[in-house]
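Shown next, in structure tokens, is the structure this report addresses.
The values are calculated or read from the model by the stated rules, or taken from the named source; none is laboratory data. The shown structure was predicted, so the numbers you read here are calculated from the model rather than taken from an experiment. Positions of Cβ are backbone-derived with ideal geometry, glycine not excepted, and every protein chain shown enters the neighbour counts.
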Amino acid sequence: MANERATSVWDALVDTPEEAENLRVRSTLMRAITKAVKSWNVSQTEAAERLHVTQPRLNDLLKGKISKFSLDALVNMLAGANLELEVSVTNKAA
């Protein structure tokens, strides 16, 4: 196991490629929402209202607590952040 190399940070953190992909997608959504929130220059309370979440929930997002967010929850926040999700599925590089 000492000589094993992960292909991504997510692969190193979880046991299956499916879990790694889920983490990668959630991370991408969290970064996009966080970037939008920070650009608003409003209080966390106001930002939470825009996203239709509580302020503590927004704080978890801003602190990058990925384990607290499902894909569904993050997709639901996109509308409040005035963001749109585009999906592109491609073959993995060999």
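Of the numbered conditions (1) modelled with pLDDT under 90; (2) exposed (fewer than 11 other Cβ atoms within 10 Å of the Cβ), ASN41 fails exactly one; give the number of that condition.
Only one criterion in (1) modelled with pLDDT under 90; (2) exposed (fewer than 11 other Cβ atoms within 10 Å of the Cβ) is unmet by ASN41, namely (1).
Take the residues in region 10-21 that are among the aliphatic types (A, V, I, L, M) and either more than 16 Å from LYS92 (Cα to Cα) or part of a loop (DSSP other than H, G, I, E, B) (or both); name whichever of them is modelled with the highest pLDDT. Show your work before the answer.
We begin by selecting, within region 10-21, every residue among the aliphatic types (A, V, I, L, M); these are 12-14, 20.
Imposing the further condition that a residue be either more than 16 Å from LYS92 (Cα to Cα) or part of a loop (DSSP other than H, G, I, E, B) (or both) reduces the set to 12-14.
Numbers: ALA12: 53, LEU13: 64, VAL14: 58.
Selected residue: LEU13.
Of the residues that sit in region 68-94 and are loosely packed, with under 10 Cβ neighbours inside 10 Å and hydrophobic (A, V, I, L, M, F, W, C), which one is modelled with the lowest pLDDT?
Filtering region 68-94 down to residues loosely packed, with under 10 Cβ neighbours inside 10 Å leaves 72, 82, 84, 86-94.
After this cut, where a residue has to be hydrophobic (A, V, I, L, M, F, W, C) as well, the list is 87, 89, 93-94.
Details: VAL87: 92, VAL89: 90, ALA93: 78, ALA94: 62.
Checked region 68-94; the qualifying residue modelled with the lowest pLDDT is ALA94.
Please verify whether region 51-67 includes one or more residues that are surrounded by 12 or more Cβ atoms within 10 Å (Cβ to Cβ), of a type in the set (S, T, N, Q) and assigned to a loop (DSSP other than H, G, I, E, B). Explain how you work it out, then say what you get.
Start the filter on region 51-67 by keeping residues that are surrounded by 12 or more Cβ atoms within 10 Å (Cβ to Cβ), which leaves 51, 53-55, 57-62, 64-66.
From the residues that got through so far, the ones that are of a type in the set (S, T, N, Q) too are 54-55, 59.
Narrowing further to those that are assigned to a loop (DSSP other than H, G, I, E, B): 54.
Within region 51-67 (the criterion being surrounded by 12 or more Cβ atoms within 10 Å (Cβ to Cβ), of a type in the set (S, T, N, Q) and assigned to a loop (DSSP other than H, G, I, E, B)), the answer is yes, since at least one residue qualifies.
Take region 22-50 and flag every residue that is of a type in the set (A, V, I, L, M) and assigned to a loop (DSSP other than H, G, I, E, B).
The answer is VAL42, and nothing else.
Residues being closer than 19 Å to LEU23 by Cβ and either β-branched (Val, Ile, Thr) or assigned to a helix (DSSP H, G or I) (or both): count how many of those fall in region 68-94.
Residues in region 68-94 being closer than 19 Å to LEU23 by Cβ and either β-branched (Val, Ile, Thr) or assigned to a helix (DSSP H, G or I) (or both): 12 in total.
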